[in-house]
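Here is the structure we will look at, set down as structure tokens.
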Amino acid sequence: MYWNKENVITSKLNTKPNYKKAKVLMEKKDVILKFDSYTKREKIYNKKGIWTNTEPLIYNNKENE
């Protein structure tokens with residue numbers, strides 16, 4: 001999914017319960033998985049530029065104040 005830096009379109013199965021009729025409606029929905037969706041973690045790349053790991057972003061580091 002992340003190798004070519006392209007979004008991926010896939011299917012997701014959603015369920016909607018109807019308690020009055022004791023039924024469950026199942027519907028298939030297309031979703032887009034974005035390659036750059038990581039907003040809370042920093043990507044770590046190796047020497048070849050390949051994404052290999054992540055680490056959390058630190059916005060307020062009180063130890064350094």
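List the lysines whose Cα lies under 18 Å from the Cα of K12, skipping any in the same chain that are fewer than 8 positions away.
In chain and number order, the partners are K28, K29, K34.
Could you compute the FRET efficiency for K29 and N4, with r as their C-beta to C-beta distance and R0 at 25 Å, rounded to 0.05?
0.55
Enumerate by residue number the chymotrypsin sites (Phe, Trp or Tyr not before Pro) in segment 6-65 meeting two conditions: DSSP loop (anything except H, G, I, E, B), and at most 15 other Cβ atoms within 10 Å of the site's Cβ.
Sparse-neighbourhood loop chymotrypsin sites (Phe, Trp or Tyr not before Pro): Y19, F35, Y38, Y59.
Hey, can you grab everything whose amide H is under 5 Å from the amide H of Y38? Only 5+ residues off in sequence or another chain; H modelled, so Pro and N-termini drop out.
HN-HN under 5 Å from Y38: empty list.
At most 11 other Cβ atoms within 10 Å and a DSSP loop assignment: could you name the GluC sites (Glu not before Pro) in segment 1-48 that fit?
Qualifying residues, ordered by number: E6.
What list of ³J(HN,Hα) values in whole Hz, one per residue of segment 8-18 in order, does the Karplus curve 6.51 cos²θ - 1.76 cosθ + 1.60 (θ = phi - 60°) give from phi, with Gly and Pro shown as x?
Karplus-based 3J(HN,Hα) across segment 8-18 equals 10, 9, 9, 10, 10, 9, 9, 10, 10, x, 10 Hz.
For T39 and K20, compute 0.36 nm times the residue count separating them, minus their Cα-Cα distance, and round to one decimal in nm.
Length gained between T39 and K20: 2.8 nm.
Just so you know, all these numbers are worked out from the coordinates, no wet-lab data involved. Just so it is clear, the model here is predicted, and its values are computed rather than measured. Note that each Cβ is placed from the backbone with ideal geometry, even for glycine, and that neighbours are counted across all protein chains shown.
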